[in-house]
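K.L.:
Here you go, one structure.
Values in this text are rule-based calculations from the coordinates and carry no lab data. This is a predicted model, so every value here is computed, not measured. Every residue, glycine among them, receives a Cβ derived from its backbone with ideal geometry; neighbour counts consider all protein chains shown.
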Amino acid sequence: MEKSKLKLLSITLAAVFFMLNFTFLCSSAVSNTSTYEIPELAMTMDIPTSIKVITPGIKQSDPIFSTEMFDYIQTMSKFRDNDDYFYGKDSKGSIEFEVILTENEDGIENLTKLSEKKQNTVMESVSQQSDVIGSSIYKTDTVVYIESSRSINNSDGRFFSKEYYTIYDGYDITVKLTSNNDNLSNSEFDMLKLIVDSIRFPKEKTVNLAEVLSVSEFFCFFLLTVSFVILVIAKIQSIKREKYRAERKQSRMKQRMERDAREKQEAEREAAAAENSKNEQAAESSKTESTSEKEKLENENNSQQSKQQEEQTITKPVKTEANNSNPENTVKQQETLIDLDAAIANFEDSSEDRQERRNNNKKQKKIKLPFGK
């Protein structure tokens, strides 16, 4: 997917660069010309910038008259006497450029719409004029011209001119270039021909190079905009993908850490529970062992005591018999019995004395009462 996007983007950029180069070349070719218009006919033409062009509405204060190339009075006489609509000179002043506009006196509306026979008739009438060297029919894609050459001798010298003449909307239109030399150079002739080829009328369906360039520039701008948008969208998507991956990785790491912490806590709890259970079992076992040992000791003690008692029981008659057999022992036993009888009698006497003292104390207490029965 990424490779296809990059391939599409590279193709788009290549097309943009091609269109930019084309536009630049065309613009540089057209940038050497300026477009002029005759409002009465809505006619336009492209004139090279090497020719300084003056229109009838120019004022005497215009900076162009401060140069030696133009004189205001002579220029105005050109407009008035020769019916010039445009008048200009090249930078060297060696050629003059004129566009002459007059009303047609023969009632012809459009030379291009005439038949070839009538066009040839018009060409013959032009060739019969004075100073005309030769004439021919020149056709562009939309306009028919009569091309002619003139050689003029006057008090100022000899001049050579090249003219293109046509009729449109009842007006005679002449575009000519005049040289003060014997002939026009090839470059000057080609320049005049380019001017004639650039003439456009509103009713003609001609291709406007400036409009074409405008469309191409708009197309280039559109392609540049689309390419920029594609780059921005691709970059944003790439950033989003990287961010999503980083967030997902971080979330996974967090979940793994939490799971590890939970597992560790569970393991610690289980270990603590196991330790507590072990301790409890150990305590119970130790208690059980101590109890069993105590019981064992008690049993042993009891068994020993019972054994001793048995032994004493067995040995007592033996001793008694032995004592009975001994006269001294018999005397001693009798003395012991007498002492015990005396002690018991004393104990009984003392008991009676204590009782008698208690009774006497009670009587004394009764006598000492402040009142009584």
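K.L.:
So, by mean Cβ neighbours within 10 angstrom, what's the order for 232-241, 94-103, 169-178 with the highest one leading?
P.N.:
Details: 232-241: 10.8, 94-103: 17.7, 169-178: 19.3.
Top to bottom by mean Cβ count within 10 Å: 169-178, 94-103, 232-241.
K.L.:
Could you work out how far apart the two model spin labels at residue 262 and residue 32 are, taking each label as a point 7 Å from the Cα in the direction of the beta carbon, and quote it in nm?
P.N.:
8.1
K.L.:
Give me the Debye-computed log₁₀ of I(q)/I(0) at q = 0.13, 0.25 Å⁻¹ for the stretch 155-201, equal point scatterers on Cα only, no solvent, two decimals.
P.N.:
-0.36, -0.92
K.L.:
So, one more: Starting from the Kirkwood Rh over alpha-carbon pairs, what translational D in µm² s⁻¹ does the stretch 32-206 have by Stokes-Einstein at 10 °C and 1.306 mPa s? Let's see the in-between values first.
P.N.:
Details: Rh = 16.9 Å.
D, rounded to a whole number, is 94 µm²/s.
K.L.:
Same structure, new question: Which order do peptides 51-58, 192-199, 143-150, 273-280 fall in by mean Cβ count within 10 Å, highest first?
P.N.:
Per-residue mean Cβ counts within 10 Å order the peptides as 143-150, 192-199, 51-58, 273-280.
K.L.:
Still on this structure, I have one more. Calculate the spin-label point distance for residue 309 paired with residue 290, positioning each point 7 Å from the Cα along the beta-carbon direction, and give it in nanometres.
P.N.:
It works out to 2.9 nm between the two label points.
K.L.:
For a quick check of your reading of the filter: which trypsin sites (Lys or Arg not before Pro) in the stretch 85-136 sit in a DSSP loop and have no more than 11 other Cβ atoms within 10 Å?
P.N.:
92
K.L.:
So, in nm, how far is label residue 243 from label residue 126 when the simple model puts each one 7 Å beyond its Cα toward the Cβ?
P.N.:
7.2
K.L.:
Mind grabbing the base-10 log of I(q)/I(0) for the stretch 242-303 at q = 0.13, 0.16, 0.17 Å⁻¹? Debye formula, identical points on the C-alpha positions, no solvent, two decimal places.
P.N.:
For the stretch 242-303, the Cα-only Debye profile gives -0.61, -0.71, -0.74.
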